[in-house]
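Working notes for the structure below.
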Amino acid sequence: MSDRNLTEAIDRYLNGEMQGEELLRFEDLRRNNPDIDRQIAEHKSFLAALKHYGERLQLEERLNAIHEEIDVHTLKEELQIKPNWIIQLWRHHHSKISVAASIAIFAVLITLFFTGNLKRNDPAYMQLRQEIAQVKQSTAILGRQNRNLDNKVNAVKAAIKNTNPGSFAGTGFALTSNGYLVTNYHVVKGADSVYVQNADGESFHAKIIYTEPQNDIAFLQINDESFKPLGSVPYNIRKGKSDLGEDVFTVGYPSDAIRFSPGYLTSPSGFDGDSTAYEVSIAARPGNSGGPLLDTRGNLIGIISGKQSKYETSSFAKKSSYLMEAIQNIPADSLSKPLTLNSRNGLAGLSRTQQIKKLQNFIFMVKVYN
Amino acid sequence: MNSKSNSSVPTDSEVILGILNNSEVVLKRLYVAYFPMVLQLIINNNGSSDDAKDIYQEAIIVLYNKVKSGDFELSSKLKTYLYSVSRRLWLKRLAQLNRYSGDIKDFEEHSPADEDEAEKHTDRDIQFGRMENALKLLGEPCKTIMEDFYIHNRSMQDICERFGYTNADNAKTQKYKCLQRLKKLFFQQGN
């Protein structure tokens, strides 16, 4: 009997297709041949597996058909444990939220950049150079009044005075009698030309010979033919530190007229802990920038350079030691005349009014054109 | 049967009788009654609604086979039985997918004894997979002939006509050739 014939016989036997003598013969064979018996058992389990496979396939089909009729989506909505609404919002819209947030951050940065708020220039620190627009206006009013008086000459004079008020103004003071001046860098920054004007109202052309932006210091030299050497400078530069509570004062040009502002030294460090500056209690105004800060005996202890925008009387002055350093840093070939500092103090022992009288010839209004 | 009992939850004995009688209506009522429970279990434990469908159908098949084999005794409620089996099947699937976080949110009671049913089921599951593979490897026309004769219980006469055999003897010879090959393929996978 070949394999295939045997398979056929077993299959027919298990299917109950054998009858009569054939069935008897096969049962006899099975009894006497354990191998045939084993093959019959194997075939039986195979048929069971096949049947089971078929049943399961059919059951799956039926189950799938039933499943089709269930609205799984709605059920899912109902049965899903809902996270709280913030998490849901994030899950559904996180890409949109991210984009919106990036745009917002970007916009803020752009705004800060264009308004200049990103720079170290803290809004609370106010530089004290003066914009001339105000002055312009007041002179214009003056001009009108003059016209009202119908005084043509005066009107012309006023107009002449008016032609060149400059863009910015600050204060500067002489270092030497031969025309070297010092002021704040921020006063002359970006200048096309610089003029200085003394207490008598005479203007001289000046040029910038050296600047130290990091210390906000600029040196000017008067190079005007009409300039006559000043007398010897009455103050000298104090090299040491000054003490808290010292009486100090400044003289400068916050307006067209020279102005005296008294105060005292309130802190050894300036704005935001800036150790290169003093804090002084002086009501400085725009235009005071670059003016000298002097102590009672007439020693120069600093340069007025800014104030705190929040507190009216809180101003800052660059310490004189940084001025000394800057003077030493001036390149020799920038100096057409010797820069010899005065070491004698001509103010000590004088009364305040006498001090100022002596001083004011050495203090200039710095006018900047750009 | 009226529409009300058609959609209501069947009693446990109704289900057992229905399965034994191959009742389509009872199967449907059973399926609809407990699917939400398993869906809830799975979608709240890292699964999708398709996962829920697979797992739930497998659990029903476990129950079905158990009832059909005649040794089904209700040790707990049918609901608990289906939940426990689904739960164990899903835990196994999660472990296979490496998605098991060691923590499962439960919504129903479950009994460890019933969960073991899921383990027994896997043996039959292996046989099922083997047969599926063997049939795939068998190829046509043998696959269809085997399915028609042994699964759909079609007569040799029907099969003769479908495949255009000129006489029944030819068809029979073909059938036994196929049967022998399928058997070989099936048992080969076992070894």
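The values are calculated or read from the model by the stated rules, or taken from the named source; none is laboratory data. Just so you know, these numbers come straight off a predicted model, no measurement behind them. Methodologically, a virtual Cβ is constructed for each residue, glycine included, from the backbone with ideal geometry; neighbour enumeration extends over all protein chains shown.
Here are B:Leu39, B:Leu27, B:Leu78: which of them is assigned by TED's automatic domain parsing to the domain that holds B:Glu14 and under 23 Å from A:Glu77 (Cβ atoms)?
Among B:Leu39, B:Leu27, B:Leu78, only B:Leu39 is assigned by TED's automatic domain parsing to the domain that holds B:Glu14 and under 23 Å from A:Glu77 (Cβ atoms).
With the checklist (1) surrounded by 11 or more Cβ atoms within 10 Å (Cβ to Cβ); (2) under 30 Å from B:Ser48 (Cα atoms); (3) more than 8 Å from chain B (Cβ to nearest Cβ) in hand, flag the one item A:Glu68 doesn't pass.
With (1) surrounded by 11 or more Cβ atoms within 10 Å (Cβ to Cβ); (2) under 30 Å from B:Ser48 (Cα atoms); (3) more than 8 Å from chain B (Cβ to nearest Cβ) applied to A:Glu68, the lone miss is (1).
Under the condition of being of a type in the set (Phe, Trp, Tyr) and under 13 Å from the mean Cα position of the chain (by Cα), which residue from region B:53-99 is farthest from the other protein chains (Cβ to nearest Cβ)?
Only one residue fits best here, namely B:Tyr56.
For residues that are outside any helix (DSSP H, G or I) and polar (S, T, N, Q), scanning just region A:71-104, find the one that is nearest to the other protein chains (Cβ to nearest Cβ).
Looking at residues that are outside any helix (DSSP H, G or I) and polar (S, T, N, Q), I get A:Gln80.
Give region A:1-50 a look and list any residue that's farther than 20 Å from B:Ile151 by Cα, polar (S, T, N, Q) and surrounded by 15 or more Cβ atoms within 10 Å (Cβ to Cβ), or say none.
Selection gives A:Gln39 alone.
With respect to the numbered conditions (1) free of Cβ contacts under 8 Å to residues at least 12 places away in the same chain; (2) closer than 21 Å to A:Gln214 by Cβ, which one is the sole condition not fulfilled by A:Asn329?
It fails just one condition, (1).
What about A:Lys337, is it in contact (Cβ under 8 Å) with a residue 12 or more places away in the chain and not in a strand (DSSP E or B)?
yes
Identify, please: which residue in region B:121-168 is part of a helix (DSSP H, G or I), at pLDDT 80 or above and of a type in the set (Gly, Ala, Ser) and is, among those, farthest from the chain's Cα centre (by Cα)?
Here the answer is B:Ala134.
So which residues in region B:22-46 are polar (S, T, N, Q), surrounded by fewer than 17 Cβ atoms within 10 Å (Cβ to Cβ) and more than 7 Å from chain A (Cβ to nearest Cβ), if there are any at all?
Hits for region B:22-46 are B:Asn22, B:Asn46.
Run A:Lys228 past the list (1) crowded, with 20+ Cβ neighbours inside 10 Å; (2) out of contact with any Ser or Thr (no Cβ under 8 Å at 6 or more places or on another chain) and report the number of the one that doesn't hold.
Result: A:Lys228 passes all but (1).
Has region A:28-36 got any residue that is assigned to a helix (DSSP H, G or I), within 11 Å of another protein chain (Cβ to nearest Cβ), farther than 22 Å from B:Arg124 by Cβ and in contact with an Asp or Glu (Cβ under 9 Å, 6 or more places away or on another chain)?
no
For region B:100-111, check the following and say yes or no: at least one residue is more than 10 Å from every other protein chain (Cβ to nearest Cβ), without any contact (Cβ under 8 Å) to a residue 40 or more places away in the chain and part of a helix (DSSP H, G or I).
no
Quick one: would you say A:Leu293 is closer than 30 Å to A:Gly349 by Cβ, touching a Lys or Arg at 6+ places or on another chain (Cβ under 7 Å) and either surrounded by 20 or more Cβ atoms within 10 Å (Cβ to Cβ) or not assigned by TED's automatic domain parsing to the domain that holds A:Lys318 (or both)?
No: the conditions fail for A:Leu293.
Looking at this structure, is B:Ile60 closer than 20 Å to B:Arg124 by Cβ, surrounded by 19 or more Cβ atoms within 10 Å (Cβ to Cβ) and modelled with pLDDT of 85 or more?
Judged against the criteria, B:Ile60 is a match.
Scan region A:269-277 and tell me whether some residue there is surrounded by 20 or more Cβ atoms within 10 Å (Cβ to Cβ) and at pLDDT 85 or above.
yes
Suppose we keep only residues that are under 24 Å from the mean Cα position of the chain (by Cα) and not basic (Lys, Arg) within region B:169-190. Which one would you say is modelled with the lowest pLDDT?
Here the residue is B:Gly190.
Conditions tested, residue by residue: (1) out of contact with any Phe, Trp or Tyr (no Cβ under 8 Å at 6 or more places or on another chain); (2) at pLDDT below 75.
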site	(1), (2)
A:Val72	yes, no
A:Gln88	yes, yes
A:Ala101	yes, no
A:Val108	yes, no
A:Leu118	yes, yes
A:Arg129	no, yes
A:Gln134	yes, yes
A:Gln145	yes, yes
A:Gly172	no, no
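Does A:Glu42 satisfy the criteria of being among the acidic types (Asp, Glu), assigned to a helix (DSSP H, G or I) and out of contact with any helix residue (DSSP H, G or I) (no Cβ under 8 Å at 6 or more places or on another chain)?
no
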